[in-house]
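Engineer: This is the structure I have questions about; it appears just below.
The values are calculated or read from the model by the stated rules, or taken from the named source; none is laboratory data. Given the structure is predicted, the values throughout are model-derived calculations rather than measurements. Neighbour counts run over all protein chains shown; Cβ positions are idealised from the backbone, glycine included. All accessible areas refer to the heavy atoms of the entire protein, side chains included, with ligands and DNA or RNA removed. Shrake-Rupley method; radii C 1.70, N 1.55, O 1.52, S 1.80 Å.
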Amino acid sequence: MRFQREKRVESGWKFTDYFLLQEELAFVYEMLGANEEALVQYDELDALFTQFVLNHSMGDVSEWLFSFIEPPSTWEGVTLEKPINFKKRELIRQNKASLLDFRNYLFSRQCSILLSLKRPWELAQRAMEFLHNCVQEVAILEVAMPPGSISCWVFVSCLEILQACEHFKEVEAYSLFTASLWEYARKKLLELGKLCGLLPGDDPTTQQLTAVVDLIAGISQISGSENSSGPVEKLSEALQTKESFQRQYLGLSELTMGTYKHIGRIRSARLIGRDLAEFYMQLGEPSKAEGFLMDALKIYHHEKWDMLADSTRVDLGRCQKRQGSTSKYARSCSHVASSRYLPQDVKMEHYKDLLHIAGSYQDDGPLLLNARPAFTVKTIELEEATIITGDDASINMILTNHLPETVTCDLISISLNHKPIKVQEPEMAKTRKRNSSVSSCSDSELGSSLNSSQFEDMLLDMREHKDRKTAATSVVCHNIAAVMRGHHDSGPHNVMEREANKGDYTISLSCLSVTLKPGENQVILTGKTADKGSYTVEQMCIQVEALEFIKNKVAPDLKYEVVDDSPVIEFTLCQEIFRDIPFKTNLTVHTGSQHIEENSKLKIKMPDGVAIRLRELSNSEVLESESDSVFMNGVHTTANANNEEDNITDGDILKVEEQSEVELTLPEKIPYEHIVIPLEIMFTVSCNSPTDTKLQMEIMNPWSSEPALNNFTICYPLQVTHRLHTAAKWKYIQVVVAGKTILNYTLCDPQLITDSPNIDITFLNRTQKHLVVNSNQSASYIWQFKTNTEECPPINWQFSLKYQGQGQMEERSCKKEFSLDKYKTIYAVRSEVNPGSNEGHCIVGKTCSLELMVKAVDKVNTDEDQTFVYEIHHANKHWKVLGEAKCSFKLKDSIFTKTLSIQPLTCGFLPLPNITLFKQNSSSTPDNTMGELEAFSHGEVYNITQSSQILVKKGLPENVIATTNVTAI
């Protein structure tokens with residue numbers, strides 16, 4: 001075999017002889033069970049023959065190849081019924097085999113071995129390469145073949161191979177390759193139908209009928225198959241009548257589409273669907289064609305193949321037009337006329353059809369279409385975000401017309417969703433600002449972005465290890481269907497668009513008779529809104545005769561508010577309010593959303609004893625009034641172009657000197673401006689009591705039947721406090737007078753009197769001494785008093801002095817009354833801290849003794865059966881009490897003593913522990929509880945050592961103490 005192969009370049013060498021020789025080797029391998037080696041031999045022969053054909057096309061002509069170039073008399077396909085086709089082999093031996101005969105035999109042998117190896121997937125994979133190579137070789141060698149003969153050969157070979165694969169159960173394995181075989185057979189059958197005049201609408205000619213007879217004869221001359229449903233029989237039946245062809249072609253197309261869908265090649269299935277749609281259109285069944293075109297349209301939009309989608313729209317429109325579906329055809333015309341990829345003549349044709357439908361459509365209501373893609377919104381803006389009731393709301397919109405010609409729209413309107421809002425509080429109303437803040441959005445942004453509400457169910461899931469390092473992060477979405485639908489539906493020409501539904505246009509902004517040229521157009525929509533509340537832009541409607549183009553969610557975040565704010569009167573205090581001092585204030589009238597007419601009257605009424613008058617603005621206030629944030633936080637500057645506020649002065653109203661009622665004449669003001677009225681208020685009634693007075697101002701206004709009430713408090717300029725002091729049996733009263741303002745007050749002639757005749761009072765301050773007080777400085781007066789009786793009844797006191805304010809000419813009086821009860825000293829408490837044994841001083845951490853003594857000073861008022869409770873407070877944690885810090889006791893012989901152990905916790909001069917004395921009621925509980933305790937009145941218990949301190953030293957470290965002891969020894 002090797003020797004014969006090396007002689008292939010010599011003259012007289014024949015490939016057929018070498019083929020039969022190497023095939024003998026393949027037979028031997030096959031009989032030995034070495035099918036892989038046998039397959040290799042046939043693959044080498046296949047490659048060698050292909051190389052000879054390629055060399056022949058390049059000019060290297062082999063004489064033995066001419067026998068294969070002879071026109072064949074038959075063109076039956078590959079036969080896989082028997083392992084070896086001896087008839088074909090004999091023709092090869094006799095050099096009478098055609099190219100198709102040789103290729104059929106060689107491939108059938110390869111298939112036989114692959115089937116014995118149970119590799120149907122490899123058989124299907126090799127089949128497509130075999131069919132394409134054989135067709136190319138026929139073209140290269142220029143073999144004369146009758147028209148349609150190659151198509152018959154391909155069709156029969158495909159079906160024969162597919163039948164062989166169907167005997168195996170590994171459908172998943174070979175379906176990926178058999179799908180292409182089904183598609184190849186379908187295409188060749190369609191070519192035969194066109195050639196033989198078997199397509200719907202064609203009438204076969206005599207020449208076509210003769211061709212059918214010749215083709216059937218070429219595939220069935222030597223067919224000995226007994227299978228009535230074999231490939232040859234199916235093809236023969238399909239070529240005989242149009243009905244048989246239609247049945248075979250539709251069945252084959254369905255099988256091909258099903259196989260493509262099974263392996264996930266949806267795009268290929270949709271391409272077959274388009275061919276089927278064309279076939280059904282020829283059959284006169286447009287309803288069936290529409291379904292295939294819609295499926296194709298979906299995949300094109302999903303893959304964003306806009307050019308293919310628009311082309312499919314044309315076919316879909318033709319289908320819908322034949323069905324007489326006016327609404328569907330109008331939608332298709334809208335898409336096709338707005339396409340960027342279709343020719344102008346196609347767009348114009350559908351545009352005219354769309355206008356014809358608009359003029360001739362007759363139904364109960366208008367024909368609703370989606371605005372996209374014919375009309376899109378580029379930008380949409382509100383001229384004002386806040387509108388007063390009765391004013392016009394206006395929306396400025398850039399609308400793009402994608403149709404090929406100018407369109408005259410009868411009406412363009414935008415529906416509004418009204419949401420009532422709660423009545424504004426005065427504080428909110430007075431700071432409202434009539435501004436022109438603008439919100440805008442684009443149609444592309446609205447179409448491509450997801451609705452924010454779709455992300456409400458999205459959560460960020462972060463998982464951490466114990467070392468607090470992030471291990472994984474993911475986004476969890478519980479609303480995946482809505483999110484993904486929103487993403488897919490955001491394309492520029494969405495086939496999955498919902499049916500257009502017109503909303504409620506009871507509240508809307510509109511524009512009549514609008515001409516939209518191709519491209520961008522500016523449209524201004526206006527309308528009145530009577531009810532206050534929040535208005536959100538919902539839907540847009542473009543009306544062209546009987547057509548209405550609807551666009552949902554034009555700008556879901558674009559809204560404006562309609563307000564109806566009543567005027568608000570604001571009472572602003574410029575300084576603290578004190579009696580006897582004229583204080584300045586500003587009365588500000590905020591117009592709100594109403595118009596203040598000229599000569600409107602405003603009446604201010606003060607309570608009795610309070611005078612009011614207009615005042616002049618100081619230089620600093622004038623400068624402040626020109627600021628944007630003095631009275632209205634910048635609102636006034638929006639309404640007033642000159643950036644000035646209207647301050648009422650003496651020339652604007654009638655000035656009345658210090659009276660309790662005044663009437664003001666207001667200037668004319670437009671909405672959301674304000675008027676500042678500077679006032680001065682004086683409390684004219686004399687009052688000696690140092691207490692604050694609550695008053696109320698009434699303001700009558702023309703826009704309300706009820707007066708506006710403003711409460712304020714007039715404070716006394718001085719603050720008077722008193723305190724009882726005890727030194728053993730002596731008693732003292734301290735009166736402290738402090739100012740509440742930064743103004744200086746001069747005090748003089750302090751007096752303290754009582755209505756009790758048994759009280760002696762001694763004034764301890766220097767006489768005839770004038771003291772000055774203000775908010776940072778106070779004055780103290782001290783009197784010593786004692787009773788001349790053993791009993792101590794309650795004492796009523798009256799303190800008085802005269803004061804004169806800074807800049808005031810006359811003196812005023814100040815009086816305060818108070819009483820004292822239970823002020824006599826009954827018990828005295830004494831405590832003493834002693835260092836421990838062998839210690840000269842108290843040392844930190846060393847135990848000390850606390851000597852506690854309670855003694856009855858007034859034995860007349862002492863009850864021997866009374867139970868007392870002492871409590872030791874160790875503030876700042878200076879001391880640690882080792883004994884009972886709280887204990888009950890009784891006096892014995894009018895005295896009680898007790899020694900406790902305590903430890904100092906820090907060094908230095910420490911205050912002695914504070915000791916508080918209580919009375920325990922007779923209804924006390926058993927000894928384990930204290931029961932109800934009653935505190936003594938201020939002055940009944942005198943702590944003798946309350947201000948005493950003791951020196952506590954820091955102890956030496958232990959190692960130092962040990963060294964000192966050794967040295968001493």
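Residues checked against (1) open to solvent by less than 40 Å² (accessible area, probe 1.4 Å); (2) at pLDDT 75 or above; (3) over 24 Å from Ser705 (Cα atoms); (4) in a loop (DSSP other than H, G, I, E, B):
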| residue | (1), (2), (3), (4) |
| --- | --- |
| Val523 | yes, yes, yes, no |
| Gly527 | yes, yes, yes, no |
| Tyr535 | yes, yes, yes, no |
| Gln539 | yes, yes, yes, no |
| Tyr560 | yes, yes, yes, no |
| Ser566 | no, yes, no, yes |
| Leu587 | yes, yes, no, no |
| Arg613 | no, yes, yes, no |
| Glu616 | no, no, yes, yes |
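Engineer: Can you find a residue in the stretch 806-824 that is within 60 Å of the chain's Cα centre (by Cα), farther than 24 Å from Asn943 by Cα and free of Cβ contacts under 8 Å to residues at least 40 places away in the same chain? Lay out the reasoning, then the answer.
Structural biologist: The initial filter retains those residues of the stretch 806-824 that are within 60 Å of the chain's Cα centre (by Cα), namely none.
No, the stretch 806-824 contains no residue that is within 60 Å of the chain's Cα centre (by Cα), farther than 24 Å from Asn943 by Cα and free of Cβ contacts under 8 Å to residues at least 40 places away in the same chain.
Engineer: What pairs can you find where one residue is in the stretch 498-526 and farther than 15 Å from Asp392 by Cβ, the other is open to solvent by less than 40 Å² (accessible area, probe 1.4 Å) and of a type in the set (Ser, Thr, Tyr), and their Cβ atoms are less than 7 Å apart, with a gap of 6+ or different chains?
Structural biologist: Cβ pairs passing all conditions: Gly503/Ser415; Asp504/Ser415; Tyr505/Ser413; Tyr505/Ser415; Gly519/Thr400; Glu520/Thr400.
The rows are residues; the columns are (1) open to solvent by less than 30 Å² (accessible area, probe 1.4 Å); (2) over 60 Å from the mean Cα position of the chain (by Cα); (3) among the charged types (D, E, K, R).
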position	(1), (2), (3)
Lys877	no, no, yes
Gly883	no, yes, no
Ser888	no, yes, no
Lys892	no, yes, yes
Thr899	no, yes, no
Pro904	yes, yes, no
Cys907	no, yes, no
Leu910	yes, yes, no
Pro913	yes, yes, no
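Engineer: Go through (1) more than 24 Å from Tyr280 (Cβ to Cβ); (2) among the acidic types (Asp, Glu); (3) touching a Phe, Trp or Tyr at 6+ places or on another chain (Cβ under 8 Å) and name the single condition Asp310 misses.
Structural biologist: Status for Asp310: all satisfied but (1).
Engineer: Another question, then. Taking the stretch 837-887 as the region of interest, how many residues are free of Cβ contacts under 8 Å to residues at least 24 places away in the same chain and part of a strand (DSSP E or B)?
Structural biologist: Residues that pass the stated criteria total 1.
Engineer: Do you know which residues across the stretch 165-195 are more than 21 Å from Ala269 (Cα to Cα), open to solvent by 30 Å² or more (accessible area, probe 1.4 Å) and in a helix (DSSP H, G or I)?
Structural biologist: Result: Lys194, Leu195.
Engineer: Looking at Leu198, Leu162, can you tell me which residue is buried (at least 18 other Cβ atoms within 10 Å of the Cβ) and part of a loop (DSSP other than H, G, I, E, B)?
Structural biologist: Leu198
Engineer: Another question, if that's okay. Is it the case that the stretch 317-329 has a residue that's hydrophobic (A, V, I, L, M, F, W, C), open to solvent by 40 Å² or more (accessible area, probe 1.4 Å), in contact with a Phe, Trp or Tyr (Cβ under 9 Å, 6 or more places away or on another chain) and over 19 Å from Pro518 (Cα atoms)?
Structural biologist: Residues of the stretch 317-329 that are hydrophobic (A, V, I, L, M, F, W, C), as a first pass: 319.
Cutting the leftovers down to open to solvent by 40 Å² or more (accessible area, probe 1.4 Å) gives us none.
No, there is no match, as no residue in the stretch 317-329 is hydrophobic (A, V, I, L, M, F, W, C), open to solvent by 40 Å² or more (accessible area, probe 1.4 Å), in contact with a Phe, Trp or Tyr (Cβ under 9 Å, 6 or more places away or on another chain) and over 19 Å from Pro518 (Cα atoms).
Engineer: Let me ask something else about it. Yes or no: Phe52 surrounded by 14 or more Cβ atoms within 10 Å (Cβ to Cβ) and outside any loop (DSSP other than H, G, I, E, B)?
Structural biologist: yes
Engineer: Hey, another quick one. Looking at Lys846, Lys855, can you tell me which residue is of a type in the set (Lys, Arg) and over 19 Å from Gln920 (Cβ atoms)?
Structural biologist: On inspection, the qualifying residue turns out to be Lys846.
Engineer: Tell me, please, whether a residue that is among the small types (Gly, Ala, Ser), in contact with a helix residue (DSSP H, G or I) (Cβ under 7 Å, 6 or more places away or on another chain), open to solvent by 40 Å² or more (accessible area, probe 1.4 Å) and assigned to a helix (DSSP H, G or I) can be found in the stretch 114-125.
Structural biologist: Within the stretch 114-125, the first condition is being among the small types (Gly, Ala, Ser), and the residues that meet it are 116, 124.
Applying the additional criterion that residues be in contact with a helix residue (DSSP H, G or I) (Cβ under 7 Å, 6 or more places away or on another chain) yields 116, 124.
In the following step, the residues that additionally are open to solvent by 40 Å² or more (accessible area, probe 1.4 Å) were identified as 116.
In the following step, the residues that additionally are assigned to a helix (DSSP H, G or I) were identified as 116.
Yes, the conditions are met somewhere in the stretch 114-125.
Engineer: Go through the stretch 390-420 and give me each residue that's among the polar types (S, T, N, Q) and open to solvent by 40 Å² or more (accessible area, probe 1.4 Å).
Structural biologist: Thr406, Thr408, Asn417 - these are the residues of the stretch 390-420 that are among the polar types (S, T, N, Q) and open to solvent by 40 Å² or more (accessible area, probe 1.4 Å).
Engineer: Of all the residues that make up the stretch 743-761, how many are of a type outside the set (A, V, I, L, M, F, W, C) and in contact with a Lys or Arg (Cβ under 6 Å, 6 or more places away or on another chain)?
Structural biologist: So the count comes out to 2.
Engineer: Please return the ranges of helices (runs of 4 or more DSSP H) entirely within the stretch 280-383 where 1 or more residues are free of Cβ contacts under 8 Å to residues at least 24 places away in the same chain, over 38 Å from the mean Cα position of the chain (by Cα) and under 20 Å from Asn501 (Cβ atoms).
Structural biologist: none
Engineer: Let me ask you something else. Name the one entry in Ala269, Ala211 that is of a type outside the set (Val, Ile, Thr) and in contact with a Lys or Arg (Cβ under 6 Å, 6 or more places away or on another chain).
Structural biologist: Of Ala269, Ala211, the one residue that is of a type outside the set (Val, Ile, Thr) and in contact with a Lys or Arg (Cβ under 6 Å, 6 or more places away or on another chain) is Ala269.
Engineer: What is the one condition in (1) open to solvent by 50 Å² or more (accessible area, probe 1.4 Å); (2) among the β-branched types (Val, Ile, Thr); (3) under 26 Å from Phe292 (Cβ atoms) that Val213 does not satisfy?
Structural biologist: Every condition holds for Val213 apart from (3).
Engineer: Now a separate question. Of these, Phe68, Phe107, which one is surrounded by 20 or more Cβ atoms within 10 Å (Cβ to Cβ) and touching a Leu at 6+ places or on another chain (Cβ under 8 Å)?
Structural biologist: Step by step, each of Phe68, Phe107 is checked, and only Phe68 is surrounded by 20 or more Cβ atoms within 10 Å (Cβ to Cβ) and touching a Leu at 6+ places or on another chain (Cβ under 8 Å).
Engineer: I would also like to ask the following. Quick one: is Met31 modelled with pLDDT under 90, loosely packed, with under 14 Cβ neighbours inside 10 Å, more than 19 Å from Glu129 (Cβ to Cβ) and not aromatic (Phe, Trp, Tyr)?
Structural biologist: For Met31, the condition - modelled with pLDDT under 90, loosely packed, with under 14 Cβ neighbours inside 10 Å, more than 19 Å from Glu129 (Cβ to Cβ) and not aromatic (Phe, Trp, Tyr) - is not met.
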